[in-house]
Each structure stands twice: as structure tokens, then as C-alpha cells.
Amino acid sequence: MRIQINGKHIEVGEALSKHVEDRLLGSVDKYAERPTDATITFSKDRHEFLCDVSMHLSTGMIAQAKGRHSEVYEAFERATDHLETQLRRYKRRLKDHHKDRIDPIETIGASSYVLASTPETEEEPDLQPVIIAEMETKIQTLSVGEAVMQMELANAPFLVFRNTANGRVNVVHTREDGNVGWIDTPAKS
């Protein structure tokens, strides 16, 4: 597994890097089959250290976790504990998902835009939004169950995906009541 350790505005020393590699390799092997790579990013927010862990699994799924604490090692431990909890919860489903799939998860490219927010002081807001950034994003082809699992592994409020059952673009999202919502677009007429 390839592990990339980054620091945003902080130095990541050799001792911390060694600790991260040892802990991550030891804990993840129990729950995930052949993780391909992991990115760990440390940053500082006022008096706390933040640790973001993103791991790509061989099934094509991505698991993400965050931790924060006043000590950098403890921030990493919290993120890793959260990642282990997620992987433990989905271990059976991840293995079943991988067995059913011969090829990795298929993705399609889509454009993603960042729009400028309109100031509240503006009396007549312009109905034509100003695009301030344009990016390429990947939309995965998943079943609804896989999409829900991916959304929860990524700790995301929603996930846009292409449904394997019908090929249409769908959305799963976390509702305010704690349940998961599913939006299925209609077929072309």
C-alpha cells in the first residue's frame, strides 16, 4: 500500500511518519482487503491539530475519516479509530461487493463548477451565476446499496452516482431525520 503523508502549514517529522505507517498498516489489514493507497493530511486549526485520512480500497470504494485533538498523535489516533470502525462495520459488505465485481468500479467524467456567492447587500441579485472554478469530477457506477455504503464511508452528506440497474444518474443523501433519501431521475421519453 502506498501511503502519502502531508502537512498543511506544519512540518511532519520522521517519527510521526513512521508512527502513521506502522499504525495504518497494522490496523487496516484486519478489515480491508488490499487497500491500494492512503493519503493522510495533518493541519492546524487554532489550538488543535486536524488529521484527514483518505483510503482507496481495491474494490474502488474510498473510506475517509477525520480526527482532531490538541496533540497531533492523538488526532491521528482518533481518525484511525474512526476509520477502523467504518471498515469493521462494512467488512462483510466490502468483501461481498468485491466478489461480485470482476472489474473495478466504472466511472464517468463530469464537469463540476464552483459558483460565486451573491452578497446579501446586493438589491437585485443577478440570476446568471458567476463561475469561479471548473473541475473534472468522477461519477461512479454503483448499485443503490453500494452508493449508500460509499456515502457513509466517505462521511459525505450526499453522493451522485450512476445506477447499475438502469444506467441513470441517481443521488443518495442523508435526510434531516437521519434516514437516507434516494433520488432516481426519470428515463428519457
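Where a number appears in this text, it was derived from the coordinates with a stated rule and is not lab data. All figures in this text were calculated on a predicted structure; none of them were measured in a lab. Glycine gets a Cβ as well: all are built from the backbone with ideal geometry, and neighbour counts include every protein chain shown.
Please work out the FRET efficiency for the pair Glu14 and Gln128, using the Cβ-Cβ distance as r and a Förster radius of 41 Å; give the result to the nearest 0.05.
The computed FRET efficiency comes out at 0.20.
What value, in deg cm²/dmol to 500, does the helix sum -39500 (n - 2.57) over DSSP H runs of n ≥ 4 give at 222 nm once divided by the residues of the chain?
After summing the helix terms and dividing by the residues of the chain, the value is -9500 deg cm²/dmol.
Can you pull out the GluC sites (Glu not before Pro) in the stretch 1-93 whose DSSP state is coil and whose Cβ has at most 11 other Cβ atoms within 10 Å?
Of the GluC sites (Glu not before Pro), the ones in loops of the stretch 1-93 whose Cβ has at most 11 other Cβ atoms within 10 Å are Glu11, Glu71.
Note down the nm distance, to one decimal, between modelled labels 7 Å out along Cα→Cβ at Thr107 and at Thr137.
1.3
Quick one: of the DSSP bridges fully inside the stretch 2-100, what percent are antiparallel, nearest 5?
If I count the DSSP bridges inside the stretch 2-100, around 70 percent turn out antiparallel.
Which pairs in the list Lys8/Lys66; Lys8/Lys138; Lys44/Lys66; Lys18/Lys44 are over 23 Å apart, alpha-carbon to alpha-carbon?
Table pairs above 23 Å Cα-Cα are Lys8/Lys138.
So if R0 is 22 Å, what FRET efficiency would Ala116 and Ser43 give, r being the distance between their Cβ atoms, rounded to the nearest 0.05?
Once the sixth-power term is evaluated, E becomes 0.30.
Based on other C-beta atoms within 10 Å, arrange Arg168, Arg175, Arg78 from fewest to most.
Going from sparsest to densest Cβ surroundings: Arg175, Arg168, Arg78.
Given a cut-off of under 8 Å on Cα pairs at least six residues apart, what relative contact order in percent is computed for the stretch 107-184?
Relative contact order of the stretch 107-184: 23 percent.
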